[in-house]
1. Please state which one of A:148, A:175, A:188 is among the basic types (Lys, Arg) and within 16 Å of RNA strand B (Cβ to nearest atom).
2. Kindly establish whether residue A:292 is buried (at least 20 other Cβ atoms within 10 Å of the Cβ) and not assigned by TED's automatic domain parsing to the domain that holds residue A:233.
3. Return the pair list, or none, for Cβ contacts closer than 9 Å from residues in region A:242-259 that are within 16 Å of residue A:8 (Cβ to Cβ) to residues that are of a type in the set (Asp, Glu) and in a strand (DSSP E or B), at least 6 apart or on different chains.
4. State whether the residues of region A:379-391 include one that is free of Cβ contacts under 8 Å to residues at least 12 places away in the same chain, basic (Lys, Arg) and in a helix (DSSP H, G or I).
5. Being surrounded by fewer than 17 Cβ atoms within 10 Å (Cβ to Cβ) and among the acidic types (Asp, Glu) is true for just one of A:191, A:236, A:147. Which residue is that?
6. Which one of A:13, A:78, A:87 is within 16 Å of RNA strand B (Cβ to nearest atom) and more than 25 Å from residue A:222 (Cβ to Cβ)?
7. In this structure, is residue A:391 near RNA strand B (Cβ under 10 Å from one of its atoms) and charged (D, E, K, R)?
Amino acid sequence: MSLTIYNTLTRKKEEFIPVESGKVGFYLCGPTVYDYFHIGNARPFIVFDVFRRFLQYRGFEVTYVVNITDVDDKIINKSNQENRAPKEIADEYTKAYLEDLKKLKVKLADVLPKATEHISDMIALIRELLDHGIAYTLNGDVYFSVEKYNGYGKLSGKHIEDLKAGARVEIDERKNNPLDFALWKAAKPGEPFWEAPWGKGRPGWHIECSAMSMKYLGDRFDIHAGGEDLIFPHHENEIAQSCGTGKHAFAKYWLHNGFLKIRGEKMAKSKRNFLTAREILKRYPAEVLRLFFLQKHYRSPINYSEEILDETQVAWHRLQNFYRELNAKKLPEINEIVPDRLSAPAQKFFRFIEQNRSEMAAALEDDFNSAKAIGKLFEIVKEGNRLLNSEEISTDKQVVLNYLKKKLEEFDDFLGLLSREADNSSSENDLEAILEILLEVRNELRENKMWELADKIRNRLTEAGFSIEDRAKQSIIKKNKS
RNA sequence: GGCGGCGUAGCCAAGUGGCUAAGGCGACGGUCUGCAAAACCGUUAUUCAGCGGUUCGAAUCCGCUCGCCGCCUCCA
C-alpha cells in the first residue's frame with residue numbers, strides 16, 4: 001500500500017518515497033520557550049507525533065527531531081520585563097513544555113535540539129553563505145540576500161516584487177532589499193551573545209532550524225512540518241538558507257497543519273485570545289483533546305469552543321466505555337485466528353473488523369486522514385457493542401472480541417485515544433470518595449431503621465478489611481492494615 | 001494590492017467525477033431497566049452557499065456572485 005502526503009512545495013498530494021528506503025527523517029518546528037503553549041500550538045505537537053508513530057507502525061524507522069528555540073527576541077523581552085536572566089525563562093518554559101506534552105500523551109522526539117547548544121553549527125552555515133556571496137554583513141548583522149537566490153518564494157508562492165509592494169513590509173534602508181532577513185543579529189547591550197568571526201551576537205530565528213535539521217537528519221531528509229503560518233517567512237527562509245549555496249538539498253516534503261480558531265479567528269498569542277493547553281487539561285482529559293484534533297483533517301482550520309469539546313467528550317466516552325466493557329469481560333486468549341474455523345456469525349464479525357481495520361489504515365495512508373479513520377473506528381465500536389449486547393456470546397465470538405481488543409490497542413499505540421490504566425486502579429482519593437458515599441447511604445438506612453441492609457454493608461466492609469464503628473452521631477471507618 | 005484556503009443536516013465533520021452523501025453530537029420515537037446511566041433499534045441532507053457551464057453523469061471539474069478565514073509583520 002502506498003502512502004500519499006500533501007506537499008506544500010508542490011501543492012498536491014504526492015506518493016511518499018523516502019530518501020532512504022525504510023527510513024524517515026522528520027523535523028517539526030518546536031516551541032519558542034517564553035510562555036506556556038496554547039491549545040492551538042498543541043495541534044502540530046499532537047498531530048505530527050501521531051503521524052510519526054503511524055509511520056513507525058507502518059514499519060518505517062523514523063528519526064523525529066523537534067527543536068526548542070531558547071534564544072529569541074520574545075525571551076529577551078520577557079527577561080527585561082521580569083528582570084530575570086533569559087536562560088532562567090527559557091529553562092522554566094522548556095520544563096513546562098515537556099510537562100504539558102507528557103500530559104497530552106505526546107511521545108518525546110528522538111532529538112530535542114536547543115538553539116543555544118548549536119550556535120557553532122549555525123555559524124558554520126552562515127559562513128558558508130557569506131563565502132558563497134549570498135549573504136552580507138552590515139554593522140555586525142548578517143543578512144541573507146533574497147535577490148541572489150532565484151528559488152526565493154517557491155514554497156509560499158510569493159514573488160519578490162509582490163512582497164516589496166506589500167505595505168506591511170517594514171523598510172530598513174540599510175538592507176540591500178527590504179526582504180533580506182537576518183542570519184545573525186549583533187548584540188545589543190545586556191543581550192545574550194556568542195562570538196562569531198563577524199562579531200558578537202546571536203542567531204536569527206530561521207537559521208537554527210536549517211542548521212539543526214541538517215545536523216541530525218542530513219543534507220537531504222524527508223519531512224519538515226509546522227503550522228501553516230510558518231510557510232512564510234520561516235520555512236521559505238529556511239529553504240533559501242539551506243539551498244542557497246547549492247550544497248544541500250534539504251527537506252523533500254513540507255507539511256503544514258491548519259489553525260485552531262476561536263470565535264472565528266485564529267488563536268494566537270498576539271491576539272490574546274488563547275487558552276493554554278495547561279488550562280484546558282484541567283477541564284478535559286488528554287484523550288478528549290486528542291480526539292478533538294484527530295476527528296478533523298490536519299490541514300483544515302478548526303474552531304475551538306467549549307461546546308465542541310463537550311461534544312467530543314461524550315463521543316470519547318462512547319469509545320472508552322466500549323474498551324472498558326471489553327476489559328471487563330474475561331475473554332479467552334488465543335494466539336491466532338483461523339477465520340475458517342470460526343462459526344459463521346463470529347466469522348462475519350471478524351471479517352467486519354478486518355474490513356474496517358484496513359480501511360482505517362488506508363485512510364491514514366491517504367494524507368493522514370485521521371478523521372476518516374476515526375469514523376471507521378466508531379463503526380467498529382457500534383458493531384462491537386451490538387455483539388456485546390447480545391444475550392449469549394459464544395466462545396468463538398469472545399475469541400474475536402479479544403482479537404478486536406488487541407487490535408484496538410495496536411491502533412491506540414499511535415492514536416492515544418484510550419485511557420488504559422485508569423480503569424484498573426483507583427487512586428486513594430477515589431477510594432475515599434467512594435467510602436464516603438457508602439457511609440452516607442448507610443447512615444440513611446440506619447435512620448430509617450433498615451438495619452439488615454446497614455449491617456450487611458458493615459459486615460461486607462469488615463470482610464474487605466475496613467472496620468466501621470457506629471458512634472452516636474456518626475460512623476467512623478478505619479482501614480485495617482494487614 | 002498580491003497569494004492561498006473554506007462554505008456538506010440543528011451542530012461538529014469525512015467524501016473531490018458514477019455503488020444507499022461516512023462517522024460523532026443533539027433531537028424525537030422505541031427496546032432494556034424499580035429509577036437512572038450505558039448500550040441497541042428506528043427517524044432526522046432527493047441534496048452539498050447561490051447562479052450558470054462542461055459531461056451520458058458533478059457536492060466533486062470550469063466561470064461568475066455572495067459570505068467567511070488565513071498569509072504577505074512575531075506567530076503552530
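1. A:175
2. The answer is yes for residue A:292.
3. A:251/A:222; A:252/A:222; A:253/A:14; A:253/A:222
4. Yes, region A:379-391 has at least one match.
5. Being surrounded by fewer than 17 Cβ atoms within 10 Å (Cβ to Cβ) and among the acidic types (Asp, Glu) holds for just one of A:191, A:236, A:147, which is A:147.
6. None of the others qualify; the one that does is A:78.
7. no
Yes or no, residue by residue, for (1) of a type outside the set (Lys, Arg); (2) surrounded by fewer than 20 Cβ atoms within 10 Å (Cβ to Cβ):
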| position | (1), (2) |
| --- | --- |
| A:70 | yes, no |
| A:80 | yes, yes |
| A:83 | yes, yes |
| A:90 | yes, no |
| A:99 | yes, yes |
| A:102 | no, yes |
| A:113 | yes, no |
| A:117 | yes, yes |
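The values are calculated or read from the model by the stated rules, or taken from the named source; none is laboratory data. Treat the numbers as computed from the prediction; the structure is a model and nothing was measured. Quick reminder, even Gly has a Cβ in these numbers, built from the backbone with ideal geometry, and neighbours come from all protein chains shown.
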